[in-house]
Amino acid sequence: MSPPMSANSFLDVLRDEGLTVVEVGEWRTHNRNHKGPWGPVHGVMIHHTVTKGSASTVRICRDGYASLPGPLCHGVITKDGRVHLVGYGRANHAGLGDDDVLRAVIAEKALPPDNEANTDGNRHFYGFECENLGDGEDPWPAVQLEAIEKAAAAICRHHGWTARSVIGHLEWQPGKVDPRGFTMNSMRARIDERLK
């Protein structure tokens, strides 16, 4: 169990991991904290956006839309491997998920099937939206996959977590398929190697 790091520390750990970070507007204070607490944090959640085009993807993830106000994550990882910070604090990215999955993340154990949506994930996870159509055909450039690996590893390193603290949206909430196009097991293996 960890309190969220400060926004400045978040920026620092991402840059220290070798990432190119783009600060979007007043990202440090753009959040949904009025809807409930953020923290304690237990892990990192990876998503795909179902969008095309970096500028529009970043805008949507920052602003959200009528039925789901932004920010929709903390960072947007575009196909060029840059991380665009769009919010910090509670963000509308994880939604309700499985409490058994959360317990496994906290214990850093193998994940059970996600078959319930009874726990507020927005409170407990850092979230990265990754620019991809999510159709299983849109490519994941090597530089983007490396940025996902680095971003997740940076947060794990700060909190003293292992790669088991990194999950995909599809492992948290029944019915979700993201990220599609690579497996979370392969990504966790990359993160694990980086943390060594």
message: Just checking, does the range 167-179 include any residue being over 25 Å from PRO113 (Cα atoms), open to solvent by 60 Å² or more (accessible area, probe 1.4 Å), in contact with a Leu (Cβ under 9 Å, 6 or more places away or on another chain) and not hydrophobic (A, V, I, L, M, F, W, C)?
response: no
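Residue by residue, here is whether (1) within 28 Å of LEU195 (Cβ to Cβ); (2) part of a helix (DSSP H, G or I); (3) touching a Gly at 6+ places or on another chain (Cβ under 9 Å); (4) of a type in the set (Phe, Trp, Tyr) holds:
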site	(1), (2), (3), (4)
LEU19	yes, no, yes, no
GLY25	no, no, no, no
ASN31	yes, no, yes, no
ILE46	yes, no, yes, no
SER56	no, yes, no, no
ILE60	no, yes, yes, no
PRO71	yes, no, yes, no
task: Quickly run through the range 105-137 and pick out the residues that are open to solvent by 10 Å² or more (accessible area, probe 1.4 Å), touching a residue at least 60 places away in the same chain (Cβ under 8 Å) and assigned to a helix (DSSP H, G or I).
output: ILE106
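Got a sec? Which of VAL22, VAL50, VAL44 is open to solvent by less than 20 Å² (accessible area, probe 1.4 Å) and either over 16 Å from ALA152 (Cβ atoms) or touching a residue at least 24 places away in the same chain (Cβ under 8 Å) (or both)?
Details: VAL22 fails: open to solvent by less than 20 Å² (accessible area, probe 1.4 Å); VAL50 fails: open to solvent by less than 20 Å² (accessible area, probe 1.4 Å).
Unique residue meeting the criteria: VAL44.
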- prompt: Regarding TRP140, is this residue in a loop (DSSP other than H, G, I, E, B), closer than 19 Å to PRO4 by Cα, touching a residue at least 40 places away in the same chain (Cβ under 8 Å) and open to solvent by 10 Å² or more (accessible area, probe 1.4 Å)?
  reply: no
- line: Note on ARG82: of the conditions (1) in contact with a strand residue (DSSP E or B) (Cβ under 7 Å, 6 or more places away or on another chain); (2) among the charged types (D, E, K, R); (3) surrounded by fewer than 16 Cβ atoms within 10 Å (Cβ to Cβ), unmet is (3)
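The values are calculated or read from the model by the stated rules, or taken from the named source; none is laboratory data. Nothing here was measured: the structure is a model prediction, and the numbers come from that model. Note that we place each Cβ from the backbone using ideal geometry, even for glycine, and neighbour counts take in every protein chain shown. All accessible areas refer to the heavy atoms of the entire protein, side chains included, with ligands and DNA or RNA removed. Shrake-Rupley method; radii C 1.70, N 1.55, O 1.52, S 1.80 Å.
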